[in-house]
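Visitor: Quick one: the structure is below, and I'll ask about it shortly.
The values are calculated or read from the model by the stated rules, or taken from the named source; none is laboratory data. Just so you know, these numbers come straight off a predicted model, no measurement behind them. Here the Cβ positions follow ideal geometry from the backbone for every residue, glycine too, while neighbour counts run over all protein chains shown.
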Protein chains: 2
Amino acid sequence: MTKTKPKKIPAEERRNITVEAVIDLAGSSNPDSITTAAIAKHMKLTQGAIFRHFPNKDAIWKAVMNWVAKNLMARIDRAAKDITSPTGKMEAMFLAHIAFVADHPGAPRMLFGELQGARPTPAKRLAQSMMKQYAARLRDMITSGKECGELRDNLDVEAAATLFIGTIQGLVMQSLIAGDMDKMRADAPRVFDIYLHGISKAGDAEEQE
Amino acid sequence: MTKTKPKKIPAEERRNITVEAVIDLAGSSNPDSITTAAIAKHMKLTQGAIFRHFPNKDAIWKAVMNWVAKNLMARIDRAAKDITSPTGKMEAMFLAHIAFVADHPGAPRMLFGELQGARPTPAKRLAQSMMKQYAARLRDMITSGKECGELRDNLDVEAAATLFIGTIQGLVMQSLIAGDMDKMRADAPRVFDIYLHGISKAGDAEEQE
DNA sequence: ATAAATATAGTAATCAATTACTATCTTGAT
DNA sequence: ATCAAGATAGTAATTGATTACTATATTTAT
(Lines give C-alpha, C1' and ligand atoms only; values in the text may rest on other atoms or scores of the structure.)
Protein backbone atom coordinates (compact mmCIF):
# COMPACT_ATOMS: atom_id res chain seq x y z
CA MET A 1 0.00 0.00 0.00
CA THR A 2 2.06 2.89 -1.28
CA LYS A 3 -1.15 4.88 -1.36
CA THR A 4 -0.67 8.05 0.64
CA LYS A 5 -3.29 8.32 3.29
CA PRO A 6 -4.97 11.68 3.06
CA LYS A 7 -4.50 12.82 6.58
CA LYS A 8 -7.10 14.76 8.39
CA ILE A 9 -5.67 18.09 9.35
CA PRO A 10 -7.33 20.76 11.50
CA ALA A 11 -8.84 23.62 9.59
CA GLU A 12 -6.49 26.37 10.63
CA GLU A 13 -3.37 24.42 9.86
CA ARG A 14 -4.87 23.42 6.56
CA ARG A 15 -5.38 27.05 5.72
CA ASN A 16 -1.75 27.77 6.53
CA ILE A 17 -0.66 24.89 4.34
CA THR A 18 -2.79 26.30 1.57
CA VAL A 19 -1.11 29.69 1.82
CA GLU A 20 2.30 28.07 1.68
CA ALA A 21 1.27 26.04 -1.31
CA VAL A 22 0.17 29.15 -3.20
CA ILE A 23 3.40 31.01 -2.45
CA ASP A 24 5.33 27.96 -3.47
CA LEU A 25 3.49 27.71 -6.76
CA ALA A 26 3.79 31.45 -7.35
CA GLY A 27 7.55 31.00 -7.31
CA SER A 28 7.46 29.23 -10.62
CA SER A 29 4.30 30.35 -12.39
CA ASN A 30 2.14 33.37 -12.94
CA PRO A 31 0.04 33.90 -9.79
CA ASP A 32 -2.98 34.76 -11.86
CA SER A 33 -2.95 31.41 -13.56
CA ILE A 34 -2.64 29.30 -10.43
CA THR A 35 -5.74 27.15 -10.37
CA THR A 36 -7.45 25.73 -7.35
CA ALA A 37 -6.76 22.33 -8.85
CA ALA A 38 -3.04 23.06 -8.93
CA ILE A 39 -3.10 24.23 -5.33
CA ALA A 40 -4.96 21.11 -4.28
CA LYS A 41 -2.58 18.84 -6.11
CA HIS A 42 0.43 20.54 -4.56
CA MET A 43 -0.91 19.92 -1.09
CA LYS A 44 -2.21 16.44 -1.92
CA LEU A 45 -5.86 17.18 -1.67
CA THR A 46 -8.76 17.06 -4.03
CA GLN A 47 -9.78 20.31 -5.64
CA GLY A 48 -13.15 20.51 -3.94
CA ALA A 49 -11.69 20.09 -0.47
CA ILE A 50 -10.11 23.53 -0.63
CA PHE A 51 -13.54 25.10 -0.53
CA ARG A 52 -14.14 23.48 2.82
CA HIS A 53 -11.63 25.95 4.21
CA PHE A 54 -12.09 29.01 2.04
CA PRO A 55 -15.39 30.45 0.80
CA ASN A 56 -13.85 31.29 -2.59
CA LYS A 57 -10.59 31.89 -4.40
CA ASP A 58 -10.39 35.56 -3.46
CA ALA A 59 -10.34 34.54 0.17
CA ILE A 60 -7.29 32.37 -0.48
CA TRP A 61 -5.52 35.26 -2.14
CA LYS A 62 -6.41 37.52 0.76
CA ALA A 63 -4.91 35.04 3.20
CA VAL A 64 -1.75 34.87 1.14
CA MET A 65 -1.33 38.64 1.02
CA ASN A 66 -1.86 38.72 4.75
CA TRP A 67 0.93 36.21 5.22
CA VAL A 68 3.27 38.18 2.97
CA ALA A 69 2.57 41.52 4.64
CA LYS A 70 2.96 40.12 8.11
CA ASN A 71 6.14 38.15 7.52
CA LEU A 72 7.89 40.72 5.35
CA MET A 73 7.27 43.59 7.72
CA ALA A 74 8.25 41.51 10.72
CA ARG A 75 11.50 40.54 9.11
CA ILE A 76 12.33 44.11 8.17
CA ASP A 77 11.47 45.43 11.62
CA ARG A 78 13.57 42.78 13.27
CA ALA A 79 16.55 43.62 11.07
CA ALA A 80 16.42 47.35 11.78
CA LYS A 81 15.61 47.09 15.45
CA ASP A 82 19.04 47.07 17.05
CA ILE A 83 20.58 49.66 14.78
CA THR A 84 20.65 53.32 15.67
CA SER A 85 21.99 55.15 12.62
CA PRO A 86 19.35 55.85 9.97
CA THR A 87 21.57 54.77 7.09
CA GLY A 88 22.47 51.64 9.03
CA LYS A 89 18.79 50.95 9.55
CA MET A 90 18.14 51.44 5.86
CA GLU A 91 20.87 49.09 4.83
CA ALA A 92 19.61 46.45 7.23
CA MET A 93 16.07 46.85 5.91
CA PHE A 94 17.26 46.67 2.35
CA LEU A 95 19.18 43.46 2.86
CA ALA A 96 16.45 41.91 4.98
CA HIS A 97 13.91 42.65 2.30
CA ILE A 98 16.11 41.07 -0.35
CA ALA A 99 16.75 38.04 1.84
CA PHE A 100 13.04 37.57 2.40
CA VAL A 101 12.36 37.65 -1.30
CA ALA A 102 15.19 35.26 -2.00
CA ASP A 103 13.65 32.86 0.51
CA HIS A 104 10.17 33.30 -0.94
CA PRO A 105 10.31 34.20 -4.63
CA GLY A 106 6.58 33.69 -4.88
CA ALA A 107 5.89 36.49 -2.42
CA PRO A 108 6.81 39.47 -4.60
CA ARG A 109 5.07 37.89 -7.55
CA MET A 110 1.86 37.67 -5.59
CA LEU A 111 2.34 41.27 -4.50
CA PHE A 112 3.07 42.62 -7.96
CA GLY A 113 0.35 40.58 -9.51
CA GLU A 114 -2.23 41.73 -7.04
CA LEU A 115 -1.21 45.38 -7.09
CA GLN A 116 -1.28 45.45 -10.86
CA GLY A 117 -4.69 43.87 -11.07
CA ALA A 118 -7.61 46.04 -12.08
CA ARG A 119 -10.13 44.53 -9.66
CA PRO A 120 -10.13 46.07 -6.17
CA THR A 121 -10.00 42.76 -4.37
CA PRO A 122 -9.54 42.47 -0.60
CA ALA A 123 -6.06 41.16 -1.33
CA LYS A 124 -5.26 44.29 -3.30
CA ARG A 125 -6.35 46.55 -0.49
CA LEU A 126 -4.11 44.67 1.91
CA ALA A 127 -1.16 44.98 -0.42
CA GLN A 128 -1.73 48.69 -0.94
CA SER A 129 -1.90 49.48 2.74
CA MET A 130 1.31 47.57 3.32
CA MET A 131 3.11 49.54 0.64
CA LYS A 132 1.83 52.78 2.11
CA GLN A 133 3.07 51.86 5.55
CA TYR A 134 6.42 50.91 4.10
CA ALA A 135 6.85 54.19 2.25
CA ALA A 136 5.88 56.27 5.26
CA ARG A 137 8.39 54.51 7.45
CA LEU A 138 11.08 55.13 4.84
CA ARG A 139 10.35 58.82 4.59
CA ASP A 140 10.66 59.20 8.35
CA MET A 141 13.94 57.38 8.32
CA ILE A 142 15.38 59.47 5.51
CA THR A 143 14.24 62.67 7.19
CA SER A 144 15.94 61.72 10.42
CA GLY A 145 19.00 60.78 8.41
CA LYS A 146 19.14 64.32 7.09
CA GLU A 147 18.65 65.76 10.56
CA CYS A 148 21.51 63.80 12.04
CA GLY A 149 23.80 64.76 9.20
CA GLU A 150 24.25 61.40 7.55
CA LEU A 151 22.36 62.40 4.42
CA ARG A 152 22.69 65.37 2.11
CA ASP A 153 20.81 68.46 3.23
CA ASN A 154 19.45 69.04 -0.24
CA LEU A 155 18.26 65.45 -0.61
CA ASP A 156 14.80 64.99 -2.09
CA VAL A 157 13.13 62.83 0.56
CA GLU A 158 10.25 61.70 -1.62
CA ALA A 159 12.55 60.75 -4.47
CA ALA A 160 14.95 58.96 -2.14
CA ALA A 161 12.15 56.85 -0.70
CA THR A 162 10.84 56.10 -4.17
CA LEU A 163 14.31 55.09 -5.30
CA PHE A 164 14.81 52.86 -2.26
CA ILE A 165 11.67 50.88 -2.97
CA GLY A 166 12.27 51.04 -6.68
CA THR A 167 15.76 49.69 -6.33
CA ILE A 168 14.47 46.68 -4.45
CA GLN A 169 11.66 46.12 -6.92
CA GLY A 170 14.07 46.41 -9.79
CA LEU A 171 16.51 43.95 -8.27
CA VAL A 172 13.69 41.56 -7.57
CA MET A 173 12.29 41.85 -11.07
CA GLN A 174 15.63 41.17 -12.66
CA SER A 175 16.21 38.17 -10.46
CA LEU A 176 12.77 36.79 -11.11
CA ILE A 177 13.46 37.20 -14.79
CA ALA A 178 16.82 35.50 -14.52
CA GLY A 179 15.33 32.91 -12.21
CA ASP A 180 18.40 33.25 -10.03
CA MET A 181 17.79 34.30 -6.45
CA ASP A 182 21.37 33.74 -5.38
CA LYS A 183 22.55 36.36 -7.84
CA MET A 184 20.22 38.83 -6.19
CA ARG A 185 21.67 38.18 -2.77
CA ALA A 186 25.12 38.83 -4.19
CA ASP A 187 24.12 41.94 -6.13
CA ALA A 188 22.14 43.56 -3.35
CA PRO A 189 25.04 44.94 -1.28
CA ARG A 190 26.84 46.28 -4.34
CA VAL A 191 23.73 48.01 -5.59
CA PHE A 192 22.87 49.43 -2.20
CA ASP A 193 26.34 50.85 -2.02
CA ILE A 194 25.68 53.01 -5.05
CA TYR A 195 22.33 54.07 -3.64
CA LEU A 196 24.05 55.08 -0.44
CA HIS A 197 26.54 57.14 -2.40
CA GLY A 198 23.60 58.86 -4.00
CA ILE A 199 21.97 59.99 -0.79
CA SER A 200 24.93 60.42 1.57
CA LYS A 201 26.54 63.67 2.49
CA ALA A 202 29.75 64.11 0.51
CA GLY A 203 32.83 62.94 2.33
CA ASP A 204 31.09 60.08 4.06
CA ALA A 205 32.94 57.35 2.23
CA GLU A 206 33.12 54.76 4.98
CA GLU A 207 32.37 51.93 2.61
CA GLN A 208 34.39 50.27 -0.13
CA GLU A 209 38.05 49.33 -0.01
CA MET B 1 -29.64 50.41 -36.96
CA THR B 2 -26.91 51.64 -34.68
CA LYS B 3 -24.94 48.62 -35.76
CA THR B 4 -21.37 49.62 -36.57
CA LYS B 5 -20.35 48.49 -40.00
CA PRO B 6 -17.29 46.26 -39.70
CA LYS B 7 -14.85 47.70 -42.14
CA LYS B 8 -12.69 45.53 -44.29
CA ILE B 9 -9.08 46.22 -43.52
CA PRO B 10 -6.01 44.71 -45.23
CA ALA B 11 -4.36 41.93 -43.28
CA GLU B 12 -1.16 43.68 -42.31
CA GLU B 13 -2.86 46.75 -40.97
CA ARG B 14 -5.26 44.52 -39.12
CA ARG B 15 -2.32 42.81 -37.46
CA ASN B 16 -0.95 46.17 -36.38
CA ILE B 17 -4.32 47.12 -34.97
CA THR B 18 -4.37 43.86 -33.08
CA VAL B 19 -1.00 44.58 -31.48
CA GLU B 20 -2.19 48.02 -30.46
CA ALA B 21 -5.34 46.55 -29.02
CA VAL B 22 -3.37 44.12 -26.87
CA ILE B 23 -1.05 46.82 -25.54
CA ASP B 24 -4.04 48.98 -24.87
CA LEU B 25 -5.77 46.25 -22.92
CA ALA B 26 -2.57 45.37 -21.07
CA GLY B 27 -2.60 48.89 -19.71
CA SER B 28 -5.53 48.10 -17.51
CA SER B 29 -5.55 44.37 -16.93
CA ASN B 30 -3.24 41.45 -16.38
CA PRO B 31 -1.68 40.51 -19.75
CA ASP B 32 -1.99 36.84 -18.98
CA SER B 33 -5.72 37.11 -18.62
CA ILE B 34 -6.36 39.03 -21.82
CA THR B 35 -8.59 36.79 -23.88
CA THR B 36 -8.86 36.69 -27.62
CA ALA B 37 -12.50 37.62 -27.13
CA ALA B 38 -11.49 40.77 -25.27
CA ILE B 39 -9.01 41.68 -27.98
CA ALA B 40 -11.64 41.16 -30.65
CA LYS B 41 -14.19 43.24 -28.80
CA HIS B 42 -11.71 46.06 -28.30
CA MET B 43 -11.02 46.26 -32.02
CA LYS B 44 -14.66 45.70 -32.97
CA LEU B 45 -14.27 42.30 -34.48
CA THR B 46 -15.63 38.90 -33.72
CA GLN B 47 -13.39 36.56 -31.80
CA GLY B 48 -12.97 34.06 -34.58
CA ALA B 49 -11.83 36.68 -37.07
CA ILE B 50 -8.58 37.19 -35.19
CA PHE B 51 -7.41 33.73 -36.15
CA ARG B 52 -7.58 34.73 -39.81
CA HIS B 53 -4.59 36.95 -39.12
CA PHE B 54 -2.67 34.99 -36.50
CA PRO B 55 -2.17 31.22 -36.38
CA ASN B 56 -2.56 31.19 -32.59
CA LYS B 57 -2.41 33.33 -29.49
CA ASP B 58 1.33 32.90 -29.00
CA ALA B 59 1.87 34.49 -32.38
CA ILE B 60 -0.07 37.54 -31.24
CA TRP B 61 2.07 37.81 -28.14
CA LYS B 62 5.20 37.46 -30.22
CA ALA B 63 4.07 40.28 -32.48
CA VAL B 64 3.39 42.45 -29.46
CA MET B 65 6.82 41.82 -27.95
CA ASN B 66 8.35 42.61 -31.29
CA TRP B 67 6.52 45.90 -31.37
CA VAL B 68 7.63 46.76 -27.85
CA ALA B 69 11.27 45.86 -28.44
CA LYS B 70 11.44 47.74 -31.70
CA ASN B 71 9.73 50.92 -30.55
CA LEU B 72 11.36 51.11 -27.14
CA MET B 73 14.88 50.63 -28.44
CA ALA B 74 14.28 53.05 -31.28
CA ARG B 75 13.07 55.71 -28.90
CA ILE B 76 16.01 55.25 -26.57
CA ASP B 77 18.51 55.32 -29.41
CA ARG B 78 16.98 58.43 -30.84
CA ALA B 79 17.15 60.18 -27.47
CA ALA B 80 20.82 59.38 -26.91
CA LYS B 81 21.96 59.97 -30.46
CA ASP B 82 22.94 63.62 -30.43
CA ILE B 83 24.52 63.60 -27.00
CA THR B 84 28.21 63.05 -26.51
CA SER B 85 28.78 62.80 -22.77
CA PRO B 86 28.08 59.32 -21.34
CA THR B 87 26.14 60.63 -18.34
CA GLY B 88 24.18 62.86 -20.67
CA LYS B 89 23.41 59.87 -22.83
CA MET B 90 22.30 57.92 -19.81
CA GLU B 91 20.00 60.63 -18.61
CA ALA B 92 18.46 60.95 -22.05
CA MET B 93 17.95 57.19 -22.23
CA PHE B 94 16.45 57.11 -18.78
CA LEU B 95 13.93 59.83 -19.50
CA ALA B 96 13.12 58.45 -22.93
CA HIS B 97 12.45 55.04 -21.43
CA ILE B 98 10.15 56.54 -18.83
CA ALA B 99 8.36 58.62 -21.43
CA PHE B 100 7.79 55.56 -23.59
CA VAL B 101 6.29 53.67 -20.69
CA ALA B 102 4.12 56.60 -19.74
CA ASP B 103 2.81 56.64 -23.29
CA HIS B 104 2.28 52.88 -23.34
CA PRO B 105 1.62 51.53 -19.84
CA GLY B 106 0.72 48.18 -21.31
CA ALA B 107 4.18 47.70 -22.75
CA PRO B 108 6.11 47.04 -19.54
CA ARG B 109 3.32 44.86 -18.26
CA MET B 110 3.58 42.69 -21.32
CA LEU B 111 7.35 42.59 -20.86
CA PHE B 112 7.26 41.73 -17.18
CA GLY B 113 4.52 39.23 -17.64
CA GLU B 114 6.29 37.46 -20.43
CA LEU B 115 9.70 37.46 -18.77
CA GLN B 116 8.25 36.09 -15.57
CA GLY B 117 6.39 33.32 -17.30
CA ALA B 118 7.66 29.78 -16.95
CA ARG B 119 7.05 28.74 -20.53
CA PRO B 120 9.85 29.53 -22.99
CA THR B 121 7.57 31.11 -25.58
CA PRO B 122 8.86 32.88 -28.69
CA ALA B 123 7.73 36.11 -27.06
CA LYS B 124 9.85 35.37 -24.03
CA ARG B 125 12.94 34.79 -26.10
CA LEU B 126 12.43 38.11 -27.84
CA ALA B 127 12.04 39.88 -24.53
CA GLN B 128 15.15 38.28 -23.10
CA SER B 129 17.35 39.19 -26.01
CA MET B 130 16.15 42.76 -25.82
CA MET B 131 17.03 42.97 -22.14
CA LYS B 132 20.44 41.52 -22.81
CA GLN B 133 21.12 44.04 -25.54
CA TYR B 134 19.98 46.83 -23.27
CA ALA B 135 22.24 45.75 -20.42
CA ALA B 136 25.27 45.39 -22.67
CA ARG B 137 24.79 48.86 -24.08
CA LEU B 138 24.56 50.25 -20.57
CA ARG B 139 27.76 48.59 -19.42
CA ASP B 140 29.64 50.04 -22.35
CA MET B 141 28.29 53.46 -21.60
CA ILE B 142 29.20 53.31 -17.94
CA THR B 143 32.66 52.06 -18.73
CA SER B 144 33.29 54.91 -21.13
CA GLY B 145 31.91 57.24 -18.49
CA LYS B 146 34.62 56.05 -16.14
CA GLU B 147 37.28 56.44 -18.79
CA CYS B 148 36.37 60.01 -19.55
CA GLY B 149 36.31 60.88 -15.88
CA GLU B 150 32.62 61.58 -15.42
CA LEU B 151 32.08 58.57 -13.19
CA ARG B 152 33.89 57.34 -10.08
CA ASP B 153 36.96 55.25 -10.78
CA ASN B 154 35.95 52.69 -8.16
CA LEU B 155 32.42 52.39 -9.55
CA ASP B 156 31.06 48.86 -9.84
CA VAL B 157 30.02 48.78 -13.50
CA GLU B 158 27.83 45.70 -13.22
CA ALA B 159 26.03 47.06 -10.18
CA ALA B 160 25.59 50.45 -11.78
CA ALA B 161 23.99 48.90 -14.85
CA THR B 162 21.76 46.74 -12.68
CA LEU B 163 20.72 49.76 -10.67
CA PHE B 164 19.97 51.79 -13.79
CA ILE B 165 17.59 49.19 -15.13
CA GLY B 166 16.28 48.43 -11.67
CA THR B 167 15.53 52.06 -11.03
CA ILE B 168 13.44 52.26 -14.15
CA GLN B 169 11.66 49.03 -13.40
CA GLY B 170 10.98 50.16 -9.87
CA LEU B 171 9.60 53.50 -11.00
CA VAL B 172 7.44 51.77 -13.55
CA MET B 173 6.14 49.25 -11.05
CA GLN B 174 5.18 51.92 -8.57
CA SER B 175 3.42 53.92 -11.22
CA LEU B 176 1.57 50.92 -12.52
CA ILE B 177 0.50 50.20 -8.97
CA ALA B 178 -0.62 53.76 -8.41
CA GLY B 179 -2.15 53.83 -11.87
CA ASP B 180 -0.68 57.26 -12.34
CA MET B 181 1.68 57.66 -15.25
CA ASP B 182 1.96 61.43 -14.88
CA LYS B 183 3.43 61.02 -11.44
CA MET B 184 6.13 58.84 -12.96
CA ARG B 185 7.06 61.47 -15.51
CA ALA B 186 7.43 63.96 -12.68
CA ASP B 187 9.37 61.64 -10.39
CA ALA B 188 11.79 60.37 -13.00
CA PRO B 189 14.16 63.35 -13.13
CA ARG B 190 14.31 63.63 -9.34
CA VAL B 191 15.07 59.96 -8.96
CA PHE B 192 17.66 59.98 -11.73
CA ASP B 193 19.35 62.85 -9.98
CA ILE B 194 20.02 60.68 -6.95
CA TYR B 195 21.24 57.87 -9.16
CA LEU B 196 23.63 60.27 -10.85
CA HIS B 197 24.94 61.35 -7.46
CA GLY B 198 25.57 57.71 -6.74
CA ILE B 199 27.74 57.04 -9.74
CA SER B 200 29.37 60.41 -10.41
CA LYS B 201 32.88 61.41 -9.45
CA ALA B 202 32.76 63.54 -6.30
CA GLY B 203 32.72 67.24 -7.00
CA ASP B 204 30.64 66.92 -10.12
CA ALA B 205 27.62 68.67 -8.72
CA GLU B 206 26.37 70.40 -11.83
CA GLU B 207 22.77 69.62 -11.01
CA GLN B 208 20.45 70.99 -8.35
CA GLU B 209 20.23 74.55 -7.11
C1' DA C 1 -16.75 37.58 -60.56
C1' DT C 2 -13.47 36.67 -57.36
C1' DA C 3 -10.75 36.72 -53.43
C1' DA C 4 -9.89 38.64 -49.08
C1' DA C 5 -12.10 39.85 -44.68
C1' DT C 6 -15.51 39.07 -41.45
C1' DA C 7 -19.61 36.83 -39.25
C1' DT C 8 -21.83 32.88 -37.38
C1' DA C 9 -21.79 28.95 -34.85
C1' DG C 10 -19.78 25.54 -33.37
C1' DT C 11 -15.79 22.39 -30.63
C1' DA C 12 -13.12 20.24 -26.63
C1' DA C 13 -10.72 21.65 -22.66
C1' DT C 14 -10.43 23.95 -18.43
C1' DC C 15 -11.92 26.89 -14.78
C1' DA C 16 -14.11 27.88 -9.93
C1' DA C 17 -17.57 26.26 -7.28
C1' DT C 18 -21.22 22.87 -5.58
C1' DT C 19 -23.09 18.65 -4.61
C1' DA C 20 -23.92 14.04 -2.33
C1' DC C 21 -21.60 11.19 0.20
C1' DT C 22 -17.79 8.92 3.26
C1' DA C 23 -14.17 8.65 6.66
C1' DT C 24 -12.23 10.21 10.80
C1' DC C 25 -11.82 12.66 14.97
C1' DT C 26 -13.96 14.46 19.46
C1' DT C 27 -16.97 14.52 23.19
C1' DG C 28 -20.12 13.58 26.97
C1' DA C 29 -23.45 10.48 29.16
C1' DT C 30 -23.18 6.25 31.12
C1' DA D 1 -13.12 3.53 30.35
C1' DT D 2 -16.56 3.11 26.50
C1' DC D 3 -19.06 4.16 22.71
C1' DA D 4 -22.81 6.21 20.11
C1' DA D 5 -23.76 11.14 18.31
C1' DG D 6 -22.28 15.00 16.26
C1' DA D 7 -18.73 17.72 14.28
C1' DT D 8 -14.99 17.97 11.15
C1' DA D 9 -12.38 16.98 6.93
C1' DG D 10 -12.16 14.52 3.13
C1' DT D 11 -13.53 12.35 -1.84
C1' DA D 12 -15.56 11.95 -6.41
C1' DA D 13 -18.51 13.65 -9.69
C1' DT D 14 -20.69 17.38 -11.75
C1' DT D 15 -22.05 22.15 -12.70
C1' DG D 16 -22.30 26.42 -15.75
C1' DA D 17 -19.16 29.69 -17.50
C1' DT D 18 -15.22 30.68 -20.14
C1' DT D 19 -11.27 29.52 -22.77
C1' DA D 20 -8.46 28.99 -27.39
C1' DC D 21 -9.42 27.49 -31.61
C1' DT D 22 -12.10 25.87 -36.04
C1' DA D 23 -15.52 25.05 -39.87
C1' DT D 24 -18.36 27.21 -42.83
C1' DA D 25 -21.27 30.84 -44.57
C1' DT D 26 -21.62 35.77 -45.86
C1' DT D 27 -20.22 40.22 -47.14
C1' DT D 28 -17.53 43.77 -49.56
C1' DA D 29 -13.87 46.02 -52.31
C1' DT D 30 -11.85 45.73 -56.56
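Visitor: Does any residue in the stretch A:97-120 that is closer than 18 Å to B:PRO31 by Cα come within less than 8 Å, Cβ to Cβ, of a residue that is among the acidic types (Asp, Glu) six or more places away or on a different chain, and which pairs are these?
Guide: A:GLY113/A:ASP32; A:GLY117/A:ASP32
Visitor: What is the number of the single condition among (1) of a type in the set (S, T, N, Q); (2) over 13 Å from the mean Cα position of the chain (by Cα); (3) more than 26 Å from B:SER129 (Cα to Cα) that A:GLN128 does not meet?
Guide: Going through (1) of a type in the set (S, T, N, Q); (2) over 13 Å from the mean Cα position of the chain (by Cα); (3) more than 26 Å from B:SER129 (Cα to Cα) one by one, A:GLN128 breaks only (2).
Residue-by-condition table, conditions (1) surrounded by 19 or more Cβ atoms within 10 Å (Cβ to Cβ); (2) assigned to a helix (DSSP H, G or I); (3) more than 10 Å from DNA strand D (Cβ to nearest atom); (4) of a type in the set (Val, Ile, Thr):
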| position | (1), (2), (3), (4) |
| --- | --- |
| A:GLU13 | no, yes, no, no |
| A:ILE17 | no, yes, no, yes |
| A:ALA21 | yes, yes, yes, no |
| A:ILE39 | yes, yes, yes, yes |
| A:ILE50 | yes, yes, no, yes |
| A:PRO55 | no, no, yes, no |
| A:ASN66 | no, yes, yes, no |
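Visitor: Moving on to the next point. Could you tell me which numbered condition A:ALA74 fails, if it satisfies all but one of (1) surrounded by fewer than 18 Cβ atoms within 10 Å (Cβ to Cβ); (2) within 14 Å of DNA strand C (Cβ to nearest atom)?
Guide: (2)
Condition check ((1) closer than 22 Å to A:SER33 by Cβ; (2) in contact with a helix residue (DSSP H, G or I) (Cβ under 8 Å, 6 or more places away or on another chain); (3) at pLDDT 95 or above) across all residues:
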position	(1), (2), (3)
B:MET43	no, yes, no
B:THR46	no, yes, no
B:HIS53	no, yes, no
B:ILE60	yes, yes, yes
B:ALA69	no, yes, yes
B:ARG75	no, yes, yes
B:ALA79	no, yes, yes
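Visitor: Sticking with this structure for a sec: Those residues that are at the interface with another protein chain (Cβ under 7 Å from one of its Cβ atoms) and either outside any helix (DSSP H, G or I) or modelled with pLDDT of 95 or more (or both), I need them from the stretch A:170-192; list them, please.
Guide: Answer for the stretch A:170-192, where residues must be at the interface with another protein chain (Cβ under 7 Å from one of its Cβ atoms) and either outside any helix (DSSP H, G or I) or modelled with pLDDT of 95 or more (or both): A:LEU171, A:ASP187, A:ARG190, A:VAL191.
Visitor: Sticking with this one: Which members of the stretch A:146-166 meet the condition of being surrounded by 21 or more Cβ atoms within 10 Å (Cβ to Cβ) and touching a residue at least 60 places away in the same chain (Cβ under 8 Å)?
Guide: Within the stretch A:146-166, A:LEU151, A:PHE164 meet the criteria.
Visitor: Looking at the stretch A:112-129 only, could you name the residues that are among the polar types (S, T, N, Q) and not in a loop (DSSP other than H, G, I, E, B)?
Guide: If the condition is that a residue be among the polar types (S, T, N, Q) and not in a loop (DSSP other than H, G, I, E, B), then A:GLN116, A:GLN128, A:SER129 are the ones that fit.
Visitor: Go over the candidates A:LYS44, A:LYS70 one by one and state the one that is over 23 Å from the mean Cα position of the chain (by Cα) and away from every other protein chain (no Cβ under 14 Å).
Guide: When all the criteria are applied, what remains is A:LYS44.
Visitor: Still on this structure: Report the residue count in the stretch B:39-59 for those that are farther than 20 Å from B:GLU114 by Cβ and away from DNA strand C (no atom under 14 Å from the Cβ).
Guide: 0
Visitor: Return yes when B:LYS62 is in a helix (DSSP H, G or I), away from DNA strand C (no atom under 16 Å from the Cβ), under 28 Å from B:ILE168 (Cα atoms) and free of Cβ contacts under 8 Å to residues at least 12 places away in the same chain and no when it is not.
Guide: So B:LYS62 fails the test.
Visitor: Kindly establish whether B:GLU150 is more than 9 Å from chain A (Cβ to nearest Cβ) and more than 21 Å from B:GLN116 (Cα to Cα).
Guide: Judged against the criteria, B:GLU150 is a match.
Visitor: Which pairs have Cβ atoms under 6 Å, sit 6 or more apart or on different chains, and link a residue in the stretch B:1-20 that is under 24 Å from B:HIS104 (Cα atoms) to one that is part of a loop (DSSP other than H, G, I, E, B) and modelled with pLDDT of 75 or more?
Guide: Filtered contacts from the stretch B:1-20: B:ALA11/B:HIS53; B:ARG14/B:HIS53; B:ARG15/B:HIS53; B:ILE17/B:MET43.
Visitor: Which condition number does A:GLY198 fail, the rest of (1) more than 7 Å from every other protein chain (Cβ to nearest Cβ); (2) under 25 Å from A:VAL101 (Cα atoms) being met?
Guide: (1) is the only condition that A:GLY198 fails.
Visitor: If you go through the stretch A:6-36 one residue at a time, how many are at pLDDT 95 or above, near DNA strand C (Cβ under 8 Å from one of its atoms) and away from chain B (no Cβ under 14 Å)?
Guide: 1
Visitor: Just to check your reading of the model, which residue among B:GLY88, B:GLY117 is within 15 Å of DNA strand C (Cβ to nearest atom), surrounded by fewer than 21 Cβ atoms within 10 Å (Cβ to Cβ), among the small types (Gly, Ala, Ser) and over 11 Å from the mean Cα position of the chain (by Cα)?
Guide: Among B:GLY88, B:GLY117, only B:GLY117 is within 15 Å of DNA strand C (Cβ to nearest atom), surrounded by fewer than 21 Cβ atoms within 10 Å (Cβ to Cβ), among the small types (Gly, Ala, Ser) and over 11 Å from the mean Cα position of the chain (by Cα).
Visitor: Tell me whether the stretch A:133-142 contains one or more residues that are within 11 Å of another protein chain (Cβ to nearest Cβ) and either part of a loop (DSSP other than H, G, I, E, B) or loosely packed, with under 13 Cβ neighbours inside 10 Å (or both).
Guide: Checking the stretch A:133-142: not a single residue is within 11 Å of another protein chain (Cβ to nearest Cβ) and either part of a loop (DSSP other than H, G, I, E, B) or loosely packed, with under 13 Cβ neighbours inside 10 Å (or both).
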